[in-house]
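K.L.:
Right, I'll just put the structure down here and ask away after.
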Amino acid sequence: LNGSSDTERILLKAAAGAGKSYALKRMVAESLKNPNCRRVVVTAFTNKQIQPLAADLGPIIGKGYVCLFVSKEVLPEIPDAICEVATVVSDYKEVPEHTKVIIATSHKLGGSVRWLKNVLPPAANGEKLFDVMFVDEAWQLALHRYREVERAAPIAVGVGDVGQLPQLDPGQNPWRGDHRYNPYRAWP
């Protein structure tokens, strides 16, 4: 965030129960304390993953600054406890301009990034919509889903545990540690 490194992706991996979710929430809060960070996004593959993050980040950051962005179909299923601590919307036009944290599935985020640019000012970096993107359970996010969201922020932080998931083809997941991800790789 301070521009002292050209690092674009960071991977936090640890065993189950090691505190990865705690670390992710702490990294979100710490990022927002940096003067070079105006807005972050937290994404994951499923609604089951993003809802607890909204429930936990809302009280830390503040209801008015945390926005859970879900599909219209999912909206009625959001527990009242989450609605009490976070702003919950299904339309990009409803995302408050002063939002500091947007939490969405990779599907919802990927389909909405270009529209969100119409309602949100640029992030502190002046170019992207977000200053940092956090990907929870990054191992579950296939490359084609990651490609839809990767340009939303100049820095991406993946959090996960490869040991809990089946092995994925390295060509299909940018968070595998045994190869170098090439965003310019030609599609088959």
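K.L.:
Quick check on the stretch 124-148: of everything there that is modelled with pLDDT of 90 or more and under 24 Å from S21 (Cα atoms), which residue is surrounded by the fewest Cβ atoms within 10 Å (Cβ to Cβ)?
P.N.:
Within the stretch 124-148, the match that is surrounded by the fewest Cβ atoms within 10 Å (Cβ to Cβ) is L129.
K.L.:
While we're here: So, of the residues in the stretch 35-62 that are within 12 Å of the chain's Cα centre (by Cα) and not in a helix (DSSP H, G or I), which turns out to be surrounded by the most Cβ atoms within 10 Å (Cβ to Cβ)?
P.N.:
T43
K.L.:
What are the pairs with Cβ atoms under 8 angstrom where one residue, in the stretch 1-30, is closer than 18 Å to E127 by Cα and part of a helix (DSSP H, G or I) and the other, located anywhere, is at pLDDT 85 or above and of a type in the set (G, A, S)? Sequence gap at least six, or different chains.
P.N.:
none
K.L.:
Residue under question is S71, and the condition is that it be surrounded by 13 or more Cβ atoms within 10 Å (Cβ to Cβ), out of contact with any His (no Cβ under 6 Å at 6 or more places or on another chain) and among the hydroxyl-bearing types (S, T, Y); does it hold?
P.N.:
Considered against the rule, which asks whether it is surrounded by 13 or more Cβ atoms within 10 Å (Cβ to Cβ), out of contact with any His (no Cβ under 6 Å at 6 or more places or on another chain) and among the hydroxyl-bearing types (S, T, Y), S71 comes out as yes.
K.L.:
State the number of residues belonging to the stretch 111-128 that are within 14 Å of the chain's Cα centre (by Cα) and of a type in the set (F, W, Y).
P.N.:
Of the residues in that region, 0 qualify.
The values are calculated or read from the model by the stated rules, or taken from the named source; none is laboratory data. Small disclaimer: the values here were computed from a predicted structure and weren't measured. Using ideal geometry, Cβ is built from the backbone for each residue, glycine included, and neighbour counts are taken over all protein chains shown.
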